[in-house]
Amino acid sequence: MEWNVPKFPLDTLSDNGLDWLTEHGSWLTRAVSRTVSDWIETLTTALVAIPPWLCIAVAAFAAYRAGGRKIGLLTLVGLLFLWNLRLWQATVETLVLVTIATAAALVIGVPVGIWFALSRRAWRTFSPILDMMQTLPSFVYLIPALPFFGLGAVSACFATIVFSVAPVIRLTALGIRNVPSELVEASDAFGSSATQKLFKVQLPLALPTIMAGVNQTMMLALSMVVIAAMIGAGGLGRAVWQSIQRLEAGAGFEAGIGIVIVAVILDRVTQALAARARPHGVA
């Protein structure tokens, strides 16, 4: 049986929308692109200029302070191994992209999560959008970034921000909404303003859940930065992509191990920070 119902022109509408945004917003995207590109280049150049052993020592000490001896040793051994594999510059490029994208996602996501927590109407309205963002294939996020920012690290950074922002929004809202109502009522009884209640009661008690969102956001950012090598991002993802193109299995395996090491270090450090944020006596 032939399907005679006209096709909904979703592809045409999407193309027209992107064309309109690209045409009328090019002045903004060019300015943002230059700024972000300068940040990425400056941070990468500065970190690569520092002796790797010094960077590794500082990172290991910071990990030790955040999570204890085991995490500090893990960071030290993992980064030394990446240096030995001649993947230090690629690792730095990856960490710079992940750091910038995660920071931007948190700047956007935490305030939006607070808004969703305090407004049930906003939560009901936008929650389906968060669901869609977390179920769309990661490759889809690369498509709209290209018309605005072209090939390169800037497109990768913006695609990563959009891809990774949903968990911190959701978990910030969840953490604030799950603060015991008795404590909120006690705060109201003592005459706290809405701002005082938010910053002195709700956010401190929600901090462990928010930190779990930070962990998920960072892990998603890392995964997206690797995939974004397809549109010109540097780092370990580019090493993997080049090894696929050249059929160099050994080089691809090395870069893959490097990604695993970076992911484990970031995961353990953020988990340790989340555990430290947890109130005493709470499991």
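The values are calculated or read from the model by the stated rules, or taken from the named source; none is laboratory data. As the structure is a computational prediction, the values presented were derived from the model and not from experiment. In this analysis, Cβ positions are derived from the backbone assuming ideal geometry, glycine residues included, and neighbour counts consider all displayed protein chains. These area figures cover heavy atoms from the full protein model, side chains too; ligands, DNA and RNA do not enter into them. Shrake-Rupley method; radii C 1.70, N 1.55, O 1.52, S 1.80 Å.
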* **Label point distance in nm, Ile50-Val140, each placed 7 Å from Cα along Cα→Cβ** => 3.9
* To do: Apply the Kirkwood formula to the range 107-250: the hydrodynamic radius equals the inverse of the mean of 1/r over all pairs of different alpha-carbon atoms; give it in Å with one decimal.
  => 17.0
* To do: Compute the separation of the alpha-carbon centres of the range 73-103 and the range 207-283 and state it in Å as a whole number.
  => 10
* Asked: In Å, the Kirkwood hydrodynamic radius of the range 139-218 over pairs of distinct alpha carbons?
  -> 14.7
* Jot down the per residue volume, in cubic angstrom and as a whole number, of the convex hull over the alpha-carbon atoms of the range 170-255. => 107
* Asked: Once the dipole of the chain is set up with Lys and Arg at +1 and Asp and Glu at -1 on Cβ about the Cα centre, which of Gln242, Gly68, Asn84 lies farthest towards its positive end?
  -> Gly68
* **Theoretical gain in end-to-end length, Phe190 to Thr22 [0.36 nm per residue, Cα-Cα removed]** => 55.3 nm
* For the range 54-162, report the accessible area per residue in Å² (1.4 Å probe, heavy atoms, rounded to an integer). => 53
* May I ask you to give the percent of accessible area on the range 45-101 that is carbon plus sulfur, with a probe radius of 1.4 Å? => 71
* Using packing as a proxy for protection, rank 126-134, 153-161 so that the peptide with the highest average count of other Cβ atoms within 10 Å comes first. => 153-161, 126-134
* Rg followed by Dmax, in Å, when the chain is reduced to its Cα trace -> 21.6, 70
* Structure fact -> Dividing the alpha-carbon radius of gyration of the range 1-150 by 2.2 N^0.38 Å, where N counts its residues, gives 1.48
